[in-house]
Amino acid sequence: MKIALMDSGIGLLPAAAAVRRLRPDADLVLSWDPDGMPWGPRTPEDITERAIAVAEAAAAHEPDVLIVACNTASVHSLPAMRARFEPRLPIIGTVPAIKPAAAGGGPVAIWATPATTGSAYQRGLIERFADGVAVAEVACPGLADAVHHADDAAIDAAIASAAARTPDDVTTLVLGCTNYELVAERIRAAVQRPDRPPLVLHGTAGAVAAQALRRIGVDPAPRAAADTTLTVLLSGREAALPDTALSYDEGRFLRAVSPVR
């Protein structure tokens, strides 16, 4: 079994780690785009062009399924990607976890890239799943890029800026960019108010990993014997996991359990 994941940057690490925990016996292909990221400030047309190129690099390794572990690419490019690759290669998108977040009643904040915030797709999810729930859309310029480069000062500044624009009464926060899951606890600490109930965070890594397995008709098997490889593609070039990826628990976990081929 071979499962590929793609993103503009290292935001695919949480979903890759989730896949690895569900199926230790699956080979992984991680494809991202250091030459073109960040994708958030790009036009939808540019995002789609870059996303398809990164997906093509992964598809050349003949995976059984491809996870688009990027909210921005999923919001803007899923129809084009599915037209290009399916049914030969199933495509699993990643969209902000608005439905489960709104089920708690809110108020809800959605942190996302500028390209995702205010997009017709995100607005449609809010209208469909959060009717009657107070939802604040909070653009987080620079945060995804700072996380990708493991720039602690820039991460702290971007988080502080977004937290200052997040309503004080928010009870639930949607992490609408996969990069943000790598710094989830730092986000929680910045948004949590001392006089409020514990903040509920909603990411997507576990859900998309489970959906990928369902799509190819296999069950989780977390106790399966692991004798697998990890292929890393940086704008199509095979490479080792970059040091920035190893700044995060998920990257260190993947390196520890899967030798990079």
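The values are calculated or read from the model by the stated rules, or taken from the named source; none is laboratory data. As the structure is a computational prediction, the values presented were derived from the model and not from experiment. All Cβ positions, even for glycine, are placed from backbone atoms using ideal geometry, and neighbour counts span all protein chains on display. Side chains included, ligands, DNA and RNA excluded: accessible areas come from the protein's heavy atoms. Shrake-Rupley method; radii C 1.70, N 1.55, O 1.52, S 1.80 Å.
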Just checking, does region 160-174 include any residue being surrounded by fewer than 14 Cβ atoms within 10 Å (Cβ to Cβ) and among the aliphatic types (A, V, I, L, M)? yes
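Looking at region 178-213, which of its residues are surrounded by 14 or more Cβ atoms within 10 Å (Cβ to Cβ), basic (Lys, Arg) and over 27 Å from residue 36 (Cβ atoms)?
Initially, region 178-213 is screened for residues surrounded by 14 or more Cβ atoms within 10 Å (Cβ to Cβ), giving 178-184, 186-188, 190-192, 199-213.
From what's left, basic (Lys, Arg): 186, 188.
If the condition is that a residue be surrounded by 14 or more Cβ atoms within 10 Å (Cβ to Cβ), basic (Lys, Arg) and over 27 Å from residue 36 (Cβ atoms), then 188 is the only one that fits.
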Any chance region 170-183 includes a residue that's in a loop (DSSP other than H, G, I, E, B), within 27 Å of residue 114 (Cα to Cα) and over 21 Å from the mean Cα position of the chain (by Cα)? yes
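Scan region 124-135 for residues that are surrounded by fewer than 16 Cβ atoms within 10 Å (Cβ to Cβ) and in a loop (DSSP other than H, G, I, E, B) and jot them down. Quick ask: steps written out before the conclusion?
From region 124-135, those surrounded by fewer than 16 Cβ atoms within 10 Å (Cβ to Cβ) are 124, 127-128, 131-132, 134; that's our starting set.
If the condition is that a residue be surrounded by fewer than 16 Cβ atoms within 10 Å (Cβ to Cβ) and in a loop (DSSP other than H, G, I, E, B), then 131, 132, 134 are the ones that fit.
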Look through region 26-50, keep the residues that are in a helix (DSSP H, G or I) and out of contact with any Gly (no Cβ under 6 Å at 6 or more places or on another chain), and return whichever of them is least open to solvent (accessible area, probe 1.4 Å). 47
Which ones in region 1-25 are crowded, with 24+ Cβ neighbours inside 10 Å, modelled with pLDDT of 95 or more and either at positive phi or not in a helix (DSSP H, G or I) (or both)? 3, 4, 5, 6
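Results for (1) free of Cβ contacts under 8 Å to residues at least 60 places away in the same chain; (2) under 16 Å from the mean Cα position of the chain (by Cα), shown as yes or no for each residue.
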| site | (1), (2) |
| --- | --- |
| 12 | no, yes |
| 15 | no, yes |
| 18 | no, yes |
| 32 | no, yes |
| 42 | no, no |
| 45 | yes, no |
| 51 | yes, yes |
Residue by residue through region 222-241, note down the ones that are in contact with a Pro (Cβ under 9 Å, 6 or more places away or on another chain), surrounded by 14 or more Cβ atoms within 10 Å (Cβ to Cβ) and closer than 21 Å to residue 21 by Cα. 224, 228, 230, 232
Of (1) within 20 Å of residue 11 (Cα to Cα); (2) open to solvent by 50 Å² or more (accessible area, probe 1.4 Å); (3) in contact with a Ser or Thr (Cβ under 8 Å, 6 or more places away or on another chain), residue 114 satisfies all except one. Which? (3)
Can you find a residue in region 136-146 that is open to solvent by 10 Å² or more (accessible area, probe 1.4 Å), within 19 Å of residue 12 (Cβ to Cβ) and assigned to a loop (DSSP other than H, G, I, E, B)? no
Sort out which residues of region 73-123 are within 30 Å of residue 217 (Cβ to Cβ), free of Cβ contacts under 8 Å to residues at least 24 places away in the same chain and outside any helix (DSSP H, G or I), and write them in order of number. 86, 87, 88
The lone exception for residue 27 - which of (1) among the charged types (D, E, K, R); (2) in contact (Cβ under 8 Å) with a residue 24 or more places away in the chain; (3) more than 16 Å from residue 251 (Cα to Cα) it fails: (3)
